[in-house]
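One structure is given below, encoded as structure tokens.
We did not get these values from a lab; they are worked out from the coordinates using the rules stated. What you see is a predicted model; the values in this text were computed from it and never measured. No Cβ is skipped: glycine too gets one built from the backbone with ideal geometry, and neighbour counts run over all protein chains shown.
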Amino acid sequence: MVSKEKKSDYKVIGTRPIRHDGYDKVTGRAQYGADIKLPGMIYGAVLRSPHAHAKIKSIDTTKAENTNGVFAVMTAKDLPRLTDKQRGNSEESGSEKHLSENVMALDKVLYKGHVVAAVSANDVNIAREAVKKIIVDYEVLKPVINVDQAMDKDAPILHEDFIGDHLGKKVKNTNIATYNRYKIGNAEDGFKNCDFVVEKEVELQTVHQGYIEPHSGTAIWDEDDRVKVWTSTQGSFSNRDSVSKVLSLDVSRVKVTPMEIGGGFGGKIPVYLEPIAAVLSKKSRRPVQLVMSRTDVFDASGPAPGGKVIVKIGVDKNGKMLAGYADIRLEAGGYPEAFIEAAAKCVFSCYDIPAMDIEAYDVLVNKPSSAPYRAPGSPQVAFATETVVDEICKKLNMDLIDFRLLNVAEKGTRTALGPKYRKIGLKEVLEAAKKSDHWNSKIDNKPPNGKLRGRGIASGYWFNIGEKSAVNLSLNMEGTVILTDGSTDIGGSRASIAMQAAEVLGIEAESVRPSVVDTDSIGHTDVTGGSRTTYATGYAAYKAAHILIDEITSKAAKIWDIPEDEIIYENGAISSKADSELKMTLREFADQNPFGPVVSSASVDLEEAAGGFGTHIVDLEIDPETGKTDVIRYTVLQDVGKAIHPAYVEGQLQGGATQGIGWALNEEYFMSEQGTMLNSSYLDYRMPIALDLPMIETVLVEVPSEDHPFGVRGVGETPICPPVPAISNAVNDAIGTRILSTPIKASKIPVSYTHLTLPTKRIV
């Protein structure tokens, strides 16, 4: 449902055309990462560590090398030795050394599934059998698998040569990769002036993005010493840059062709297989393809970090927030980057708090190195903050929405990291929630089926990144427009970018033909992630379309031999101000134009956009005998700026909410004490499916961004932030007990056993 605000007079924006890639995906013609087949291609397989923490004493590859059908064997010794020089690829950071060692372990494995060797062979089964013949002598070490273990004074150290950054101080022999602190005002004094203070600690387990398509990588290292890569990636340029660093090649010697992508959600930003395929190709003198199994994906690709978050908020007797404190400890995995800065940005983002003190710890543990997952860091802190808000409302006996409106962040509110908000729409979202049918409906706390019902509400935020994008446009002879860009299409960005170009050009959305091209064919474009693509690449398309109009009017003036300033371009047609007889459609112009190709290019490098805010309302039902929890109604309300393609926006909100519901109720990395994930399949890793959920209702609140000509805001990150606390608050409403850890599974729900008939005597 779209909000009933007055709409701008757009021709294309706000409509729902058929997606440009729809036919290929419905018919199965779409080519994904593992679909690429090259002449002479052979196949690779990797050997993964069975241990979560161990030193590599030796590797014997002799038997694998002597296996019939094997072309090449590689270990980390076949990779260049890199330094601690820092890199930064959009939602990635860290050192080049760690990037390389995460691809293939050199001296030490840091998680179960860490790659230690690889083989290429003429058949994938031969390759898989050959890697089993590689003998690795390990010195097994004690693992640390959560933040408490890792931060213990006697904890085993993951990186003996690593130097942590603790408030600018260099620290050795630590599992705390980074410790940051952010302050606004004087929180200590603020708490002294409070009438009520509530503090809660929450714990979150590691969860996976749950994309359908596993990771893959196909590469040729050719005779010209160039590497060509085909892969499913969220960022072909980020992928190119990472591959070039791992292989110590100039970026000009690496070309990445992005294939269709079967889901990513942040998890397909890092590289895993591509550098290995490249080295095996060089040694084999053949194209090489590697594909992960589902177990490999769970064991060895980056999940969202688990951890612990403490939040304390103080208010006066009227409910006005005066001070906030947060302690954020997130699991980075085997290498640094748990997105603690993003978490710090988001922890108090929904509220106007004059004094804040935030401590954030990036903690190394023996799990796969963390990767972004939809608003990385924000769902974790939202769980803590919105739990505290719920408790304060109960303590003060205040309406849950009225309290939030009293303390709502607005334009001009100073954020935790310093800058003030530009135009944002959380107030409008909360007002829409208060008026919504869901909020105003009654919930039967004692339904006839004997189950318990509860309702919860929570808000969340993501700051929406900007960064670099490029777009090329070319006018065809029949008046259609070819659009090329470098942004991987996840969730319909091809359509949303093409629609913005079409709006400027005054033509139908279907008349713009978008395609995502390789790194040699477009200017640098950052990853599809952080809710930036429709915003930033769409902005580049907007600029390119205006430049294309300039080209059209310039050539039309030559056709009619009149000054350019007499040309009018409007709604896909060209005319003369001075002579009403002079007019052409875009198609007629394209067909008649004798003055060469009509093309344009544009690029942007944007700052962060004004953030996206959402509020979710959930009703759930709990079986008091089993603890089973079912979501029976769910509503997502979000400030979406301007919905370019409302159907896609609704899908983003529903998808994010679904993933958050899974995080809240079912999903977790179930770890052994040895650091082994025990549920590394979709049979055991319980993600919600359509049968588990009601139709998720959506309310699109449109508060146009001041940072974009069409008012666009990113929408994909925010909807995963409120579900965990909203569901936690609903569970508390239903059973009167607050559960402060995820997942809130049946075993944690206090249940009644009075229905059971117990034996009268012990049976031997």
- Per residue of the chain, what 222 nm ellipticity follows from adding -39500 (n - 2.57) for every DSSP H run with n ≥ 4, rounded to the nearest 500? -7500 deg cm²/dmol
- Computed over the chain: relative contact order in percent, which uses C-alpha pairs under 8 Å that are six or more apart: 15 percent
- Message: To check you understand DSSP bridge types, tell me what percent of the beta bridges within the chain (both residues inside) are antiparallel, rounded to 5.
- Response: 75 percent
- Protection-proxy order for peptides 399-408, 540-549, 208-217, each taking the mean of Cβ atoms within 10 Å per residue, highest first: 540-549, 208-217, 399-408
- Query: Over 27 Å between Cα atoms, which of 420/468; 55/85; 11/577; 312/748 qualify?
  - Reply: none
- Farthest positive-ward along the range 467-606 dipole, Cα basis, beta-carbon charges - from 475, 517, 544: 517
- Applying the span-like rule to the chain (DSSP H, Cα extent along axis at least 27 Å, Kyte-Doolittle mean at least -1.0) gives 538-560, 646-665
- Message: Please arrange 615, 635 by how many other C-beta atoms lie within 10 Å of their C-beta, fewest to most.
- Response: 635, 615
- Message: Could you tell me the relative contact order of the range 139-420? Use alpha-carbon pairs under 8 Å, at least six residues apart, and round to a whole percent.
- Response: 25 percent
- Of all DSSP beta bridges having both residues in the range 615-730, the percent classed as antiparallel (nearest 5) is 65 percent
- Message: Students often get this wrong, so try it: which of (i) 16, 46, 31, 7, 0, 0; (ii) 14, 36, 32, 14, 4, 0; (iii) 12, 29, 31, 15, 9, 4, 1, 0 is P(r) over Cα pairs in 20 Å bins from 0, in percent as calculated from the structure shown?
- Response: (i)
- Query: Given the pairs 132/282; 97/345; 320/394; 108/169; 427/642, which are separated by over 24 angstrom at their Cα positions?
  - Reply: 97/345; 108/169
- Task: Specify which residue in the list 655, 640, 735 is farthest towards the positive end of the charge dipole of the chain, using unit charges on the beta carbon of Lys, Arg (+1) and Asp, Glu (-1), about the Cα centre.
- Result: 735
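Beyond a 31 Å Cα-Cα separation, which of these cross-linked pairs lie in this structure: 25/555; 25/255; 317/446?
Checking Cα-Cα distances, 25/555; 317/446 exceed 31 Å.
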- Message: Using Cβ contacts closer than 10 Å as the measure, can you line up 383, 348 from fewest to most?
- Response: 348, 383
- Message: Taking the beta-carbon count within 10 Å as an exposure proxy, list 570, 650 from fewest neighbours to most.
- Response: 570, 650
